[in-house]
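Enquirer: Let me give you the structure first, and then I'll get to my questions.
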Amino acid sequence: MQAPDPWGERLPRKLGLASAVAVLVGSTIGSGIFRTPAVVAANISDLGPFLAAWVGGAAVALAGALTVAELAVLYPRSGGIYVYVREAFGRLPAFLFGWAELLILRPAAYGAIAVTSAEYLLRVFGVDGATPVAGPLSAAQSVAVVMIAAVAAINRRGVEFGALVQNVSTALKVAALLGLVALGVALTPGPAPVHALPPSEPPALVLALVAILWAYDGWCDVGFISGEVRDPQRALPKVFIAGTAAVVALYLAANLVYLHVIPLAQMAGAPLIAADVA
């Protein structure tokens with residue numbers, strides 16, 4: 001008979017360090033790095049502030065990862081932020097947060113991620129994602145619905161199968177970004193020209209930083225599966241810190257290659273920036 005979990009968790013702890021890191025990296029690398037640079041470029045017209053904003057967002061993400069890593073060690077339970085809110089503020093705020101996650105925050109986030117993924121997929125086949133195909137739904141929205149249903153079906157199969165798919169998909173996403181970075185440097189003879197543009201206003205900088213923080217969002221999601229991670233007090237700090245640092249490095253490298261290939265002035269009109277660079 002299996003010994004009871006010392007933290008009171010009822011789910012089996014089957015996820016190792018690599019799978020937990022894959023969850024963090026895979027949850028963070030969603031639509032952000034593929035969509036957000038165009039939004040940031042539309043608000044920041046100077047090269048220096050553009051890069052500084054991404055570095056500032058990275059600092060916030062790393063600080064958050066350090067904070068949540070400590071909380072995860074104290075409360076390695078399934079539910080992540082729900083558990084932290086409950087322990088800090090009580091059951092009612094945690095209850096409201098949980099329902100807000102279920103009904104508002106997660107559906108909106110997954111919808112945005114899935115639609116962006118669908119637009120990139122349709123771009124491969126030369127299809128405009130805005131084309132109406134099923135009543136009020138566009139082609140991108142219809143494909144996004146199928147993607148969300150597929151991910152739900154995968155996770156319903158169980159944590160081990162879900163972890164396997166997560167590991168493979170994360171490896172593919174990281175490999176694609178690394179390949180884009182390497183080819184962008186190798187095949188482009190020189191950096192894209194920098195054109196003089198009007199200076200950015202402070203409100204625009206704030207809007208750009210909001211978009212950047214959306215791109216970095218996701219590193220805290222591994223807290224939701226803390227109750228399924230083996231040896232959590234040793235593994236979780238490494239997962240939060242190493243995984244977030246890897247995402248930060250990858251994002252900064254991707255943005256440098258975007259700027260290497262496409263001028264900042266043109267990036268604002270390129271919502272599918274990674275496809276344009278490719």
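Enquirer: Restricting to segment 240-265, and then to whatever is open to solvent by 20 Å² or more (accessible area, probe 1.4 Å) and small (Gly, Ala, Ser), can you tell me which residue is nearest to Phe34 (Cα to Cα)?
Expert: The selected residue is Ala253.
Enquirer: Next question, about the same structure. Checking the conditions here, which among Ala41, Ala65, Ala69, Ala59 is of a type in the set (A, V, I, L, M), under 17 Å from the mean Cα position of the chain (by Cα) and open to solvent by less than 20 Å² (accessible area, probe 1.4 Å)? Even if it seems obvious, please write down each step before you answer.
Expert: Numbers: Ala41 fails: under 17 Å from the mean Cα position of the chain (by Cα); Ala69 fails: under 17 Å from the mean Cα position of the chain (by Cα); Ala59 fails: open to solvent by less than 20 Å² (accessible area, probe 1.4 Å).
Of Ala41, Ala65, Ala69, Ala59, the one residue that is of a type in the set (A, V, I, L, M), under 17 Å from the mean Cα position of the chain (by Cα) and open to solvent by less than 20 Å² (accessible area, probe 1.4 Å) is Ala65.
Enquirer: Taking the options Tyr110, Tyr84, name whichever one is part of a helix (DSSP H, G or I), over 20 Å from the mean Cα position of the chain (by Cα) and hydroxyl-bearing (Ser, Thr, Tyr).
Expert: Working: Tyr110 fails: over 20 Å from the mean Cα position of the chain (by Cα).
Residue meeting the stated conditions: Tyr84.
Enquirer: Still on this model: Scan segment 91-113 residue by residue and report those that are loosely packed, with under 14 Cβ neighbours inside 10 Å and more than 26 Å from Pro12 (Cα to Cα).
Expert: Let us first name the residues in segment 91-113 that are loosely packed, with under 14 Cβ neighbours inside 10 Å, namely 91-93, 95-96, 99-100, 102-108.
The answer is Leu92, Pro93, Leu96, Ala100, Leu103, Ile104, Leu105, Pro107, Ala108.
Enquirer: Kindly establish whether Arg86 is out of contact with any Phe, Trp or Tyr (no Cβ under 6 Å at 6 or more places or on another chain), among the basic types (Lys, Arg), over 22 Å from Leu15 (Cβ atoms) and in contact (Cβ under 8 Å) with a residue 24 or more places away in the chain.
Expert: On the way: out of contact with any Phe, Trp or Tyr (no Cβ under 6 Å at 6 or more places or on another chain): yes; among the basic types (Lys, Arg): yes; over 22 Å from Leu15 (Cβ atoms): yes; in contact (Cβ under 8 Å) with a residue 24 or more places away in the chain: no.
In short, no.
Here's the yes/no breakdown for (1) buried (at least 23 other Cβ atoms within 10 Å of the Cβ); (2) modelled with pLDDT of 85 or more; (3) of a type in the set (Ser, Thr, Tyr); (4) in contact with a strand residue (DSSP E or B) (Cβ under 8 Å, 6 or more places away or on another chain):
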{"site": "Leu187", "(1), (2), (3), (4)": "no, no, no, no"}
{"site": "Ala192", "(1), (2), (3), (4)": "no, no, no, no"}
{"site": "Leu213", "(1), (2), (3), (4)": "no, yes, no, no"}
{"site": "Gly223", "(1), (2), (3), (4)": "yes, yes, no, no"}
{"site": "Asp276", "(1), (2), (3), (4)": "no, yes, no, no"}
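Enquirer: So, one more: Residue under question is Thr36, and the condition is that it be out of contact with any helix residue (DSSP H, G or I) (no Cβ under 7 Å at 6 or more places or on another chain) and either open to solvent by less than 60 Å² (accessible area, probe 1.4 Å) or part of a helix (DSSP H, G or I) (or both); does it hold? First the steps, then the outcome.
Expert: Values: out of contact with any helix residue (DSSP H, G or I) (no Cβ under 7 Å at 6 or more places or on another chain): no; either open to solvent by less than 60 Å² (accessible area, probe 1.4 Å) or part of a helix (DSSP H, G or I) (or both): yes.
Against the criterion (out of contact with any helix residue (DSSP H, G or I) (no Cβ under 7 Å at 6 or more places or on another chain) and either open to solvent by less than 60 Å² (accessible area, probe 1.4 Å) or part of a helix (DSSP H, G or I) (or both)), Thr36 does not qualify.
Enquirer: Hey, among Thr116, Thr67, which residue is of a type in the set (Ser, Thr, Tyr) and closer than 18 Å to Val210 by Cβ? Break it down into steps so the answer makes sense when it comes.
Expert: Numbers: Thr67 fails: closer than 18 Å to Val210 by Cβ.
The match here is Thr116.
Enquirer: A follow-up question, please. On the given criteria, is Ser142 in contact with a strand residue (DSSP E or B) (Cβ under 7 Å, 6 or more places away or on another chain), of a type outside the set (Phe, Trp, Tyr), in a helix (DSSP H, G or I) and surrounded by 12 or more Cβ atoms within 10 Å (Cβ to Cβ)? If you could, list the steps in order and put the result at the bottom.
Expert: Values: in contact with a strand residue (DSSP E or B) (Cβ under 7 Å, 6 or more places away or on another chain): yes; of a type outside the set (Phe, Trp, Tyr): yes; in a helix (DSSP H, G or I): yes; surrounded by 12 or more Cβ atoms within 10 Å (Cβ to Cβ): yes.
Yes; evaluated as a whole, the condition is true for this residue.
Enquirer: I'm trying to understand the selection: among the residues of segment 120-139, which are assigned to a helix (DSSP H, G or I) and open to solvent by 50 Å² or more (accessible area, probe 1.4 Å)? If you could, list the steps in order and put the result at the bottom.
Expert: Filtering segment 120-139 for residues assigned to a helix (DSSP H, G or I) gives 120-124, 139.
Within segment 120-139, Leu121, Arg123, Val124 qualify.
The values are calculated or read from the model by the stated rules, or taken from the named source; none is laboratory data. What you see is a predicted model, and the numbers here were worked out from it, not measured in a lab. In this analysis, Cβ positions are derived from the backbone assuming ideal geometry, glycine residues included, and neighbour counts consider all displayed protein chains. The accessibility values were calculated without ligands, DNA or RNA, using every heavy atom of the protein model including side chains. Shrake-Rupley method; radii C 1.70, N 1.55, O 1.52, S 1.80 Å.
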